[in-house]
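Worksheet: one structure, shown below.
Coordinate-derived values only; no laboratory data. From a predicted model like this one, the values you see are computed outputs, not experimental measurements. All Cβ positions, even for glycine, are placed from backbone atoms using ideal geometry, and neighbour counts span all protein chains on display.
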Amino acid sequence: MKTLWLRSETLDDERRTPLVPEDAEKLVQAGISVVVEKSNDRVFQDNEYQKVGCELVDSQSWIYANSQNTVILGLKPCYPLPEKLKHTHIFFAHAYKNQPDSKEILSAFLQGGGHLYDLEYLVDGDQKRIATFNFYAGYCAAALAVIKWVDLYQKKEIQTPIKSFNSIDELTKHIVEKKQVMPLQPNLLILGDGQCSIGVTDFLENFGFQFTQLSSKDLKNKAESLFIPSCDVVINAFRTREKRCEKVLSVSNFEYSGAKLLVDLICEPFSPYNALPEYRQLTTFKEPMLKMQLINNTMYLIAIQNFASFLPKESSLAFSLPLLKTLIDLFKGNKTDTFHHASACFSKAIEGLKL
């Protein structure tokens with residue numbers, strides 16, 4: 001019997017999981033063996049998995065699992081990265097667009113003979129991803145924008161570490177408290193209208209914030225001549241598919257907008273497809289803000305790769321359910337176009353490494 005092995009995450013401040021206990025139970029009921037690595041950080045407790053029939057094992061013991069009948073499931077690359085990856089893996093590698101560590105990750109697969117079904121490339125017939133964190137990434141980014149804008153206004157220490165919330169109710173209570181000390185509402189601008197922006201607008205509408213939104217079409221058409229209207233906070237949810245052609249962020253764009261805070265949902269500063277080319281450093285839960293000095297204005301940046309980890313429980317639940325059927329298909333031998341596409345993308349990346 002093939003085994004699905006849910007490994008623990010090694011990156012700081014990562015409490016999400018691609019498989020929640022209630023969906024793990026459905027895999028067990030479908031006759032699939034599920035092994036779960038113990039984790040003190042995962043938002044769901046170990047015993048929640050054990051109660052539904054999963055086997056618990058030590059953290060990072062996946063490297064000793066039989067590579068012939070075990071599929072390793074995770075969210076992000078596992079560090080320290082093994083020199084050889086010999087199993088079939090499912091996770092977000094962020095390795096196909098020359099991102100940091102991409103060569104090391106792909107080389108480990110090449111040396112070990114393993115295979116990767118990258119979660120980013122598991123798509124349906126319309127090329128839409130099977131499972132995403134986009135909605136909650138946007139929701140959490142908007143929440144952080146409001147929280148940190150209040151901190152800036154109150155002249156609080158900008159690098160105060162942030163922590164995830166155990167539930168959306170906890171976050172709601174916190175936002176209500178922030179609104180009570182807010183002297184005035186920020187003037188908010190959203191760039192882009194893709195999936196992430198839906199979470200942004202949902203949050204802002206739920207809490208009664210007004211905003212202006214520029215569509216992706218507007219941004220593509222205007223490119224470097226884009227005029228950014230007067231605003232306090234900019235939330236970028238615009239993803240470009242063309243190399244360096246649309247520079248949404250430039251000194252001339254933001255110099256006279258008055259924007260004090262830029263929140264970048266895309267977080268690809270090292271990618272040639274990055275539409276915001278004027279920063280080269282991501283921020284983190286421990287150091288959430290980066291100061292950017294313009295000619296006549298100071299602006300702060302928030303660019304956290306795992307925004308959705310701000311609400312790890314809700315975002316994991318939303319991600320796990322649509323992934324469930326895909327996992328069942330894999331273990332039942334139904335290799336659909338979803339898997340063929342992901343395999344083709346992996347093979348292309350490996351071939352590119354050989355050149």
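Computed from Cα positions, the angle between helix 134-153 and the longest principal axis of the chain comes to roughly 40 degrees. Among the listed values (i) 62, 48, 35; (ii) 98, 55, 40; (iii) 72, 63, 34, the one computed from these coordinates for Cα extents along the principal axes in Å is (i).
Under 17 Å from a label point set 7 Å out along the Cα-to-Cβ vector of Glu55, the amide N atoms of region 84-107 belong to 88. Placing +1 on the Cβ of every Lys and Arg and -1 on the Cβ of every Asp and Glu, with nothing else charged, gives region 134-310 a dipole about its Cα centre of roughly 280 debye. Of all lysines in the structure, those lying under 23 Å Cα to Cα from Lys97, and not within fewer than 8 positions of it along the same chain, are Lys76, Lys84, Lys86, Lys128, Lys220, Lys243, Lys247, Lys348, Lys354.
Springs join every pair of Cα atoms under 10 Å in this Gaussian network model of the chain, and among Pro18, Pro80, Pro269 the largest mean-square fluctuation is at Pro80.
Length gain on complete extension for the stretch Asn69 to Ser215, per 0.36 nm per residue less the alpha carbon to alpha carbon distance?
The span from Asn69 to Ser215 would gain 47.9 nm if fully extended.
Ordered by the count of other Cβ atoms within 10 Å of each Cβ, fewest first, Ile228, Ile190 give Ile228, Ile190. Rounded to the nearest 10 degrees, the angle from helix 312-331 to the longest Cα principal axis of the chain is 40 degrees. Here the dipole of region 286-354 is about 100 debye; that uses its Cα centre as origin and unit charges on the Cβ of Lys and Arg (positive) and Asp and Glu (negative). When the trypsin sites (Lys or Arg not before Pro) in region 324-355 are filtered for DSSP coil states and for at most 14 other beta-carbon atoms within 10 Å of their beta-carbon, the remaining sites are Lys332, Lys335. Between Ala318, Ser343, Asn206, the Cα set farthest toward the positive side of the dipole of the chain (charges on each charged residue's Cβ, about the Cα centre) is that of Ser343. Quick check on the chain: helices-only [θ] at 222 nm, where DSSP H runs of length 4 and up contribute -39,500 (n - 2.57) each and the sum goes over total residues. Nearest 500, please. Helix-only estimate at 222 nm: -10500 deg cm²/dmol. Loop-located trypsin sites (Lys or Arg not before Pro) in region 89-188 (DSSP state not H, G, I, E or B) with no more than 12 neighbouring Cβ atoms inside 10 Å: Lys128, Lys155, Lys156, Lys163.
Note on Phe270, Phe165: ascending count of other Cβ atoms within 10 Å places them as Phe270, Phe165, the fewest first.
Loop sites only, by DSSP: take the GluC sites (Glu not before Pro) in the chain that have at most 14 other C-beta atoms within 10 Å and name the longest stretch containing none of them. Counting at most 14 other Cβ atoms within 10 Å as exposed, the longest clean stretch of the chain is 243-355. The calculated P(r) of region 134-310, using every Cα pair and 10 Å bins from 0, goes 10, 42, 38, 10, 0 in percent. Among Ser67, Ser197, Ser320, the order by Cβ neighbours within 10 angstrom, fewest to most, reads Ser67, Ser320, Ser197.
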